[in-house]
Amino acid sequence: MVLTPAERIRAAEEAVRELKEALDRVGVVFPSLDVERVSAAGTYGLPLVDLGRCNLDTALRLAAVLHERAHP
């Protein structure tokens, strides 16, 4: 199935929304989390999600959450 450019962008935006909500539920915020617009404009594959940069506290919080989930 080939997605139109609009469908590709909507799919990527939905993925970003779901990821933001999931991270928010565990107290992790990536301020620059977004759709990587250059990849969204292309026609090959699905757009990329840009996790962006985060500060040390965010990186450590994410590591702690992942560790907790891996070792309940």
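The values are calculated or read from the model by the stated rules, or taken from the named source; none is laboratory data. Keep in mind that this is a model prediction, so the values were computed, not measured. We work out accessible area using only protein heavy atoms, side chains counted, and drop any ligands, DNA or RNA first. Shrake-Rupley method; radii C 1.70, N 1.55, O 1.52, S 1.80 Å.
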- Return yes when D24 is open to solvent by 90 Å² or more (accessible area, probe 1.4 Å), modelled with pLDDT of 90 or more and within 14 Å of the chain's Cα centre (by Cα) and no when it is not. yes
- Item | Hey, A70 at pLDDT 85 or above, open to solvent by 60 Å² or more (accessible area, probe 1.4 Å) and over 10 Å from the mean Cα position of the chain (by Cα) or not | yes
